[in-house]
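The block underneath contains the structure these notes are about, expressed in structure tokens.
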Amino acid sequence: MAAIDCGTNSIRLLVADLPDPAAGPQAPLVDLARRMEIVRLGQGVDRTGRLAPEAIERTRVALAGYAAEIERLGVERVRMCATSASRDASNAADFRAMVEQTLGVAPEVVSGDEEARLSFTGAVRGLPADAEPPYLVVDIGGGSTEFVVGTRDGGVQAAISVDIGCVRMTERHLHGDPPTADEVAAAQADIAAAVDRALAAVPGRQAATLVGLAGSVTTVVAIAQDLQEYDPQRIHHARVPYEQVAGVTADLLAKSAAQRLAIPVMHPGRADVIGAGALVLRVIMERAGMSSVVASEHDILDGIAWTQQPV
């Protein structure tokens, strides 16, 4: 089966075989392909309320490549979920028509609550034994961040999605290169207000383990580990203390986009928004009282895949 996650900043593909049910509830997916392209579908959505034609075209090109991979690998089932930018846009019908023509499958524009639940499902399966429940899973995207509290056995206890993400916060506040102190302070205040709203809705402060998902988190963790190339195996389930997250965040916000681009693990499409993404993670840790974060390379994409498992 194939799972596609189309967010505000990136579009990702997972092709995998589901495990034999006899292998047990914690058996992993058997990955055949994982791909990611930065398409910035949500370019300008926070300001205009519309998907830009050039952003839809970038997404179409990436999706055409995924369609070819899906055909090559003989996929039997495909599910594509579109998230924050597609929920917000007044011309979402143009995006939907493009997807159906390119992929042959209609995209599901999932609610923030469903996005949160899919992220949780993907993230908690296979967490190491030292990751003590209950978990606060945060998925820091381009346009929104999902907060989910629950356990592996009991599932989701509470979930909420709020409109803070690395692209949205960069476009709204961080205009300088590097951003000014006033710009950073404004972004921090905006993020803190949204995080406090989220933590009033879900009991994140009572969670024992913070699990962080998506590219902002994994990039911060890769930098904290001083990796010279992006290594998913080193990043997956790595635990990083707050002090290191705060240090990496301050360093990223002090750098120009060109200096961030020179960091060995930096994806070129993330260099201009990583400062905001790191700031979202840092503020979440502060407001939730978390001393460390466990990174997960498994997230909403894996959650989408698991929903295709026969009942």
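Per residue, how much accessible area does the chain have with a 1.4 Å probe, in Å²? About 40 Å² of surface per residue is accessible. Between 175, 267, 298, the residue with the greatest mean-square fluctuation in the GNM of the chain (Cα pairs under 10 Å linked by springs) is 175.
Restricting the GluC sites (Glu not before Pro) of segment 11-76 to loop positions (DSSP other than H, G, I, E, B) with no more than 16 neighbouring Cβ atoms within 10 Å leaves 76.
Here the gap between residue 158 and residue 292, fully extended at 0.36 nm per residue and compared with their Cα-Cα distance, gives a gain of 46.1 nm. Here the peptides 46-52, 136-142 are ranked by packing, the mean other Cβ count within 10 Å, and the order with the highest first is 136-142, 46-52. Using only the C-alpha atoms, the convex hull of segment 265-311 corresponds to 129 Å³ per residue. Which FRET efficiency, nearest 0.05, do residue 197 and residue 307 yield, Cβ-Cβ r, R0 25 Å? Plugging the Cβ-Cβ distance into 1/(1 + (r/R0)^6) gives 0.35. Give the separation of the Cα centroids, segment 246-305 to segment 198-242, in Å. Distance between centres, Cα-based: 8 Å. Label-to-label distance for residue 106 and residue 68 is 2.9 nm, based on points extended 7 Å past Cα in the beta-carbon direction. Restricting segment 225-311 to GluC sites (Glu not before Pro) that sit in a DSSP loop and have at most 14 other Cβ atoms within 10 Å of their own Cβ leaves 229.
Heavy-atom surface analysis with a 1.4 Å probe gives segment 107-262 a carbon and sulfur content of 49 percent of its accessible area. The GNM of the chain, with springs linking C-alpha atoms under 10 angstrom apart, assigns the highest mean-square fluctuation among 188, 206, 233 to 233. Of the chymotrypsin sites (Phe, Trp or Tyr not before Pro) in segment 215-311, the ones in a loop by DSSP (not H, G, I, E or B) with at most 16 other beta carbons within 10 Å are 230. For residue 39, the residues whose modelled amide H falls within less than 5 Å of its own, excluding neighbours fewer than 5 places apart on the same chain, are 10, 11.
For the chain, the 222 nm mean residue ellipticity estimated from helices alone, with every DSSP H stretch of n ≥ 4 adding -39500 (n - 2.57) and the total spread over all residues, rounds to -13000 deg cm²/dmol. Our summary gives the chain a relative contact order of 21 percent, counting only alpha carbon pairs under 8 angstrom and 6 or more residues apart.
The values are calculated or read from the model by the stated rules, or taken from the named source; none is laboratory data. Model, not experiment: these values are computed from the prediction. Cβ coordinates were reconstructed from backbone atoms using ideal geometry, including for glycine residues, and neighbour counts include every protein chain displayed. Ligands, DNA and RNA are excluded from the accessible area calculation, which covers all protein heavy atoms including side chains. Shrake-Rupley method; radii C 1.70, N 1.55, O 1.52, S 1.80 Å.
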